[in-house]
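The values are calculated or read from the model by the stated rules, or taken from the named source; none is laboratory data. Everything numeric here is computed off the predicted structure, so don't read it as measured data. Glycine gets a Cβ as well: all are built from the backbone with ideal geometry, and neighbour counts include every protein chain shown.
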Amino acid sequence: MFRLIGIATALSLALGLTACDTAYMATMEKMGYAKRDILSSRVKSARNAQEDAKKEIQSALEQFGKVVGYQGGDLEATYKKLNSELESSEDSAEAVRKRITDVESVADSLFSEWKTELGQYSSADLRRKSEEKLTQTKSRYNEMLGAMKKAEQRIDPVLKPLRDQVLYLKHNLNARALAAIKGELVKVDAQVDQLVKDMNKSIAEADKFIQSMEKDPA
C-alpha cells in the first residue's frame, strides 16, 4: 500500500495536481486512497526521517570527536568532513519537521471528516461504535505525535551548539582551539544520547500506530 501511495504521489506531482495539501488529498481519494491510508504512509515517512536524522547526527558527533581528538594527519580534511556531516544532519532535521507537519495536516483532515460523519448515522449503535473508534485512534495518534515532537524539539539544542563550534573552528583550526572546545564534546555527547533515546521512543510509537491502523481498518 505504501509503495502504491508513493507512486501515486509522484504521478500527481508530475501532473501538477498538488497545488496544496487539501487538493493533494482530494486527488488521492479520487484515485482510491482513503485519508487513513495517506496518514499511515506519512507516519511511516516521518518515522523514516527520524531514523535518518538519528544516524546523521550520530555520524556528525563521531566526526566532531575525531576533530577534537585530533592525533595527526590532514586536519583540514577532517574538519571539512565534519562540516559536511553537520550539513547533512541539518538537512535531515528539516526533513523531520516537514514530515511531522505533513502528518498533522492529513490527521486533522481525517479526524474532522470522521467527526462530521458521526452525525450522518441513522443507527445509534453504529454511531457509538464509530465514535469509540475515533476516540481510540485519536488517543493513539496524540501519543505518537507527542513522542515525535518531543524528539524533534531536542534536535536544535544539539545541532545549534555544534554549528557554533564548527563555525569557530573554521578560522581557528589549530591545537589551541581544539583544546578549548574539548569540554563541548562531553556536553554534546550527553545531549545526543538523550536525543537518540527520544527518537527511538518516537520511532517505536510510530511503528505501533502504523500497525494499529493496518490491523484495525475503518
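Listing for the model above:
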| item | result |
| --- | --- |
| Residue within the stretch 120-130 that is surrounded by 20 or more Cβ atoms within 10 Å (Cβ to Cβ) and either in a helix (DSSP H, G or I) or at pLDDT 95 or above (or both) present | no |
| Top-ranked residue of the stretch 139-189 - restricted to ones that are among the polar types (S, T, N, Q) and loosely packed, with under 13 Cβ neighbours inside 10 Å, ranked as farthest from Arg99 (Cα to Cα) | Asn174 |
| Residue match in the stretch 197-204 (condition: in contact with a helix residue (DSSP H, G or I) (Cβ under 8 Å, 6 or more places away or on another chain), of a type in the set (D, E, K, R), within 19 Å of Val67 (Cβ to Cβ) and surrounded by 12 or more Cβ atoms within 10 Å (Cβ to Cβ)) | no |
| Conditions (1) within 22 Å of Lys54 (Cα to Cα); (2) of a type in the set (S, T, N, Q); (3) at pLDDT below 95; number of the one not met by Ser212 | (1) |
| Odd one out for Val106 among (1) within 23 Å of Lys187 (Cβ to Cβ); (2) among the hydrophobic types (A, V, I, L, M, F, W, C); (3) touching a Leu at 6+ places or on another chain (Cβ under 6 Å) | (1) |
| Residue check for Ile5: under 18 Å from the mean Cα position of the chain (by Cα), part of a helix (DSSP H, G or I), modelled with pLDDT under 95 and buried (at least 17 other Cβ atoms within 10 Å of the Cβ) | no |
| Sole residue being farther than 18 Å from Asn172 by Cβ and modelled with pLDDT of 90 or more, chosen from Leu39, Leu82 | Leu39 |
| Out of Ala77, Ala60, sole residue that is within 22 Å of Arg176 (Cα to Cα), at pLDDT 95 or above and in the same structural domain as Lys201 (by TED's automatic domain parsing) | Ala60 |
| Pairs, first outside the structural domain of Lys201 (by TED's automatic domain parsing) in the stretch 141-154, second surrounded by 14 or more Cβ atoms within 10 Å (Cβ to Cβ) and of a type in the set (A, V, I, L, M), C-beta under 7 Å, six or more apart | none |
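Yes/no matrix, rows are residues, columns are (1) at pLDDT 90 or above; (2) farther than 27 Å from Ala77 by Cα:
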{"position": "Pro161", "(1), (2)": "yes, no"}
{"position": "Leu167", "(1), (2)": "yes, no"}
{"position": "Leu173", "(1), (2)": "no, no"}
{"position": "Ala177", "(1), (2)": "no, no"}
{"position": "Lys182", "(1), (2)": "no, no"}
{"position": "Val196", "(1), (2)": "yes, yes"}
